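Chemist: Here it is: the structure, laid out below.
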Amino acid sequence: MTDASPFPEDFLWGASTAAYQIEGAADEGGRGPSIWDTFAAAPGRTRDGDTGAVACDHYHRWREDFDLAERLGLRAYRMSVSWARLQPDGRGELNPEAVAFYRELLGDLRSRGITPLVTLYHWDLPQVLDDEGGWPERRTAHRFADYAARTAAALGDLAEDWIPINEAWCIAFLGHYEGVHAPGRRDLTQALRTVHHLNLAHGLAAAAIRDRRPSARIGTAVILTDIEPASDRPEDQAAAMLADGAGNRMFLDPLFKGAYPEDMRWHYRGSGAFDAIEPGDMDTIAAPLDFVGVNHYHRFRIAADESDPHLGTRALEPEGPVTDFGWEIHPASLRRVLERLSADYTDLPVYVTESGACFDDAVGPGGEVDDADRIEYLDGYFRAAGEAIEKGVNLRGYFVWSLLDNFEWAEGYSKRFGLVHVDYDSQRRTPKRSADWYRRVIASGGANLDWN
Ligand code: FCB
């Protein structure tokens with residue numbers, strides 16, 4: 001920490017990506033199909049029918065991408081490895097070509113002085129495991145632990161920091177209740193069983209990684225949303241409580257308190273969801289971690305709405321400026337979720353493992369991408385992170401989503417989150433103005449932000 005910046009000197013300034021969103025090469029290197037290949041190929045599931053079959057072609061262009069990361073001065077890089085590439089059949093020996101690929105990537109990052117954080121599951125379940133029932137089935141959690149153990153054994157000498165699962169909320173509710181993400185199911189009980197099996201998979205994988213690599217540091221990446229009641233009316237207050245329960249506490253409480261929240265158990269009574277819990281599960285889930293990753297994108301002001309069959313809630317329209325996704329720009333919410341995590345749950349080291357914004361960026365006539373809106377966004381969110389540190393939050397790093405424009409799930413290539421612009425026809429990379437701005441933030445340790 002310097003006089004001019006609250007960020008500690010060893011703060012991990014980073015950026016994040018995920019395998020399916022950037023790698024492409026879906027049929028190469030022995031990779032098997034994942035649920036996202038299947039989902040994206042089905043008619044009407046993604047914007048314009050986009051798929052991740054080619055994406056940013058990072059599989060072939062990763063050196064160029066890491067050159068850009070190095071030029072940015074990134075201290076750390078959060079990436080995911082593809083389960084469907086490493087274990088195409090969802091079981092058994094790892095695919096040697098995939099192991100070689102990821103070993104090369106990780107070794108290269110380290111030689112550049114960039115610390116890798118590795119996520120094991122950023123949504124690309126081998127299709128064969130979904131055919132056998134997928135996350136609503138308990139055996140998938142055990143399959144995941146086996147994959148985690150083998151991957152830690154194969155790659156663990158090249159990465160210290162491991163995140164088993166990215167954003168269990170999205171997988172469970174977007175994938176199994178709303179059906180807007182793979183595998184596209186729409187069933188509340190299946191979604192809730194998925195919640196438990198993902199929490200369990202996290203715990204089983206954490207134990208498996210520790211077993212293979214006792215020195216590994218293990219965390220998680222939870223998506224935390226800042227929930228506010230829309231008014232003082234008791235029904236809005238109760239609605240906000242439920243939204244917070246489903247979105248945040250169903251994941252934080254098991255990890256840090258070893259139990260599902262009582263109010264949510266009551267709300268979901270009759271769904272059969274909690275029948276999935278077996279003796280010992282909660283201890284497995286709550287085993288101590290080394291760090292917590294927070295992905296943050298939203299504030300929601302929640303009102304009661306009886307027409308919603310899940311929670312009886314509705315989010316009000318954003319009040320302030322929004323990104324190209326229509327997501328509200330509200331930096332104070334990042335500070336609030338970080339403070340809440342530290343007040344209510346844990347004093348472990350925290351990383352912001354994802355935060356960022358999409359805007360309709362285009363390459364200008366002079367070849368530049370002038371994304372002043374992203375600079376303003378990041379400036380606000382970095383300062384909110386700095387304020388959280390000043391308030392005592394043990395924040396150790398910040399990973400901007402994302403290094404590159406990439407395949408934004410159901411939105412296909414229409415949403416650009418990158419510090420680096422990707423022209424998907426030519427695969428040309430163009431660092432945006434925000435990349436240069438971020439480079440200067442990193443070089444100054446955050447001291448060049450406006451702290452007044
Ligand atoms: C998060 C996902 C990430 C990306 C951002 C915009 O929920 O983890 O892959 O799509 O949203």
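Chemist: Out of all the residues in region 298-314, which are surrounded by fewer than 20 Cβ atoms within 10 Å (Cβ to Cβ) and within 16 Å of the ligand (Cβ to nearest atom)?
Modeler: 298
Chemist: Name the single residue, out of those in region 157-167 being open to solvent by 10 Å² or more (accessible area, probe 1.4 Å) and over 27 Å from residue 195 (Cα atoms), that is nearest to the ligand (Cβ to nearest atom).
Modeler: Of everything passing the filter in region 157-167, 158 is nearest to the ligand (Cβ to nearest atom).
Chemist: Select, from 284, 323, the only residue that is farther than 20 Å from residue 195 by Cα, surrounded by 15 or more Cβ atoms within 10 Å (Cβ to Cβ) and within 23 Å of the chain's Cα centre (by Cα).
Modeler: Details: 284 fails: farther than 20 Å from residue 195 by Cα.
The conditions single out 323.
Chemist: Is there a residue in region 403-413 that is more than 22 Å from residue 59 (Cα to Cα), surrounded by 18 or more Cβ atoms within 10 Å (Cβ to Cβ), within 16 Å of the ligand (Cβ to nearest atom) and not basic (Lys, Arg)?
Modeler: For region 403-413, residues more than 22 Å from residue 59 (Cα to Cα), surrounded by 18 or more Cβ atoms within 10 Å (Cβ to Cβ), within 16 Å of the ligand (Cβ to nearest atom) and not basic (Lys, Arg): absent.
Chemist: Now for a separate question. Of the conditions (1) in contact (Cβ under 8 Å) with a residue 60 or more places away in the chain; (2) surrounded by 21 or more Cβ atoms within 10 Å (Cβ to Cβ); (3) of a type in the set (A, V, I, L, M); (4) in contact with a helix residue (DSSP H, G or I) (Cβ under 9 Å, 6 or more places away or on another chain), residue 117 satisfies every one except a single condition; which number is it?
Modeler: The failed condition is (4).
Chemist: Here's something else I'd like to know. Please work out which one of (1) part of a loop (DSSP other than H, G, I, E, B); (2) within 20 Å of the chain's Cα centre (by Cα); (3) touching a residue at least 60 places away in the same chain (Cβ under 8 Å) is the condition residue 418 fails and give its number.
Modeler: (3)
Chemist: When the residues of region 414-434 are filtered to those that are among the small types (Gly, Ala, Ser) and open to solvent by 10 Å² or more (accessible area, probe 1.4 Å), which remaining residue is nearest to the ligand (Cβ to nearest atom)?
Modeler: Going through the qualifying residues, I end up with 414.
Chemist: Among the residues of region 228-246, write down those that are surrounded by fewer than 20 Cβ atoms within 10 Å (Cβ to Cβ) and not aliphatic (A, V, I, L, M).
Modeler: 228, 231, 232, 233, 234, 235, 237
Chemist: For region 1-83, give me every one of the helices (runs of 4 or more DSSP H) that falls completely inside it and has 1 or more residues that are on the phi > 0 side of the Ramachandran plot and within 16 Å of the ligand (Cβ to nearest atom).
Modeler: Passing ranges: none, list empty.
Chemist: Something else about it: I'd like to verify a number: residues in region 218-247 that are closer than 30 Å to residue 79 by Cα, more than 16 Å from the ligand (Cβ to nearest atom) and in contact with a Lys or Arg (Cβ under 9 Å, 6 or more places away or on another chain), how many?
Modeler: Here the count works out to 2.
One line per residue, one yes/no per condition, for (1) within 15 Å of the ligand (Cβ to nearest atom); (2) of a type in the set (Ser, Thr, Tyr); (3) within 20 Å of the chain's Cα centre (by Cα):
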site	(1), (2), (3)
357	yes, no, yes
369	no, no, no
372	no, no, no
377	yes, yes, yes
391	no, no, no
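Chemist: Right, next: Please enumerate the residues belonging to region 130-160 that are farther than 11 Å from residue 83 by Cα, among the hydrophobic types (A, V, I, L, M, F, W, C) and in a helix (DSSP H, G or I).
Modeler: 141, 145, 149, 152, 153, 154, 155
Conditions tested, residue by residue: (1) under 30 Å from residue 329 (Cα atoms); (2) over 18 Å from the mean Cα position of the chain (by Cα); (3) not in a helix (DSSP H, G or I).
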site: 181; (1), (2), (3): yes, no, yes
site: 190; (1), (2), (3): no, yes, no
site: 194; (1), (2), (3): no, no, no
site: 198; (1), (2), (3): yes, no, no
site: 204; (1), (2), (3): no, yes, no
site: 209; (1), (2), (3): no, yes, no
site: 215; (1), (2), (3): no, yes, yes
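Chemist: Residues of region 66-90 being open to solvent by less than 10 Å² (accessible area, probe 1.4 Å), over 18 Å from the mean Cα position of the chain (by Cα) and either modelled with pLDDT under 95 or of a type outside the set (A, V, I, L, M) (or both), which ones?
Modeler: 66, 85, 87, 90
Chemist: Further question on the same structure: Is it fair to say residue 94 is open to solvent by 10 Å² or more (accessible area, probe 1.4 Å) and in contact with a strand residue (DSSP E or B) (Cβ under 6 Å, 6 or more places away or on another chain)?
Modeler: Numbers: open to solvent by 10 Å² or more (accessible area, probe 1.4 Å): yes; in contact with a strand residue (DSSP E or B) (Cβ under 6 Å, 6 or more places away or on another chain): no.
No: the conditions fail for residue 94.
The values are calculated or read from the model by the stated rules, or taken from the named source; none is laboratory data. Keep in mind that what you see is a predicted model, and the values were worked out from it rather than measured. Quick reminder, even Gly has a Cβ in these numbers, built from the backbone with ideal geometry, and neighbours come from all protein chains shown. Note: accessible area is taken over every heavy atom of the protein model, side chains too, but ligands, DNA and RNA are not part of it. Shrake-Rupley method; radii C 1.70, N 1.55, O 1.52, S 1.80 Å.
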